[in-house]
Amino acid sequence: MLGENIKAIRKSKGLSQQELAVKLNVVRQTVSKWEQGLSVPDSDMLISISESLETPVSTLLGETVTETEADNLKTISEKLEVINLQLAQRKTTRRKIIRWLLISLCTIIAMIFAALVTLNSPYSGWDYTDPETAVLGVAFHSFEWLFFRTAPVIFVIAIIGIFLTRKKE
């Protein structure tokens, strides 16, 4: 029974006798003798076999093992198809999120630009001798200066990003 189980599990994992022997640091003939029931591995080797085959020792010793459908090409292709569909959905979701973030960024830039144009630089009429007004005026002027120099570049990059992340049909 042990030999049959080793053989069935080895085959279901897609291993040859030689590959299993290399993993266990024994010769191929030793694996062949185990599978034919001509010899039995000692307890340490049995643990090594179970680790190499990723199977509990109890399964190797007692339970009858039938070859799984893991080798079946159809089963493998179905699993790969499911994985590919999941990856495609993840990619589509990511693309949509990035697209909406870029659209939001463009909207925010446009709204800030409109607000700054509408306000028509209110900081220039402030009294800068008052320390609180001076700090606030300088901060607002710095923001406006930085915004008018960087926003057009960010806006153009965001528009290009929106174009690149559109749904391709």
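None of the figures in this text is laboratory data; all of them are computed from the coordinates on show. In this text, all values refer to a predicted model and were calculated from it rather than measured experimentally. Using ideal geometry, Cβ is built from the backbone for each residue, glycine included, and neighbour counts are taken over all protein chains shown.
Between Phe143 and Asp130, 0.36 nm times their residue separation minus their Cα-Cα distance comes to what? Intermediate values should be presented prior to the final figure.
Numbers: separation 13, 0.36 × 13 = 4.68 nm, distance 1.99 nm.
Length gained, Phe143 through Asp130: 2.7 nm.
Kirkwood's formula applied to the C-alpha pairs of the range 73-164 gives a hydrodynamic radius of 16.9 angstrom.
What you get for the chain, charging only the Cβ of Lys and Arg (+1) and of Asp and Glu (-1), is a dipole of about 820 debye around the Cα centre. Axis of helix 131-164 versus longest Cα principal axis of the chain: the two differ by about 50°, to the nearest ten degrees. Projected onto its three principal axes, the C-alpha set of the range 2-71 covers 28, 22, 20 Å, listed from the longest axis down.
Just subtract the alpha-carbon distance of Glu4 and Met45 from 0.36 nm times their residue separation and send over the number in nm, one decimal.
Numbers: separation 41, 0.36 × 41 = 14.76 nm, distance 1.65 nm.
Stretched out fully, the Glu4 to Met45 stretch lengthens by 13.1 nm.
Using Cβ point charges alone (K and R +1, D and E -1), the dipole size of the range 73-164 about the Cα centre works out to roughly 1020 debye.
Using packing as a proxy for protection, rank 80-93, 18-31 so that the peptide with the highest average count of other Cβ atoms within 10 Å comes first.
Averaged packing, sorted descending, gives the order 18-31, 80-93.
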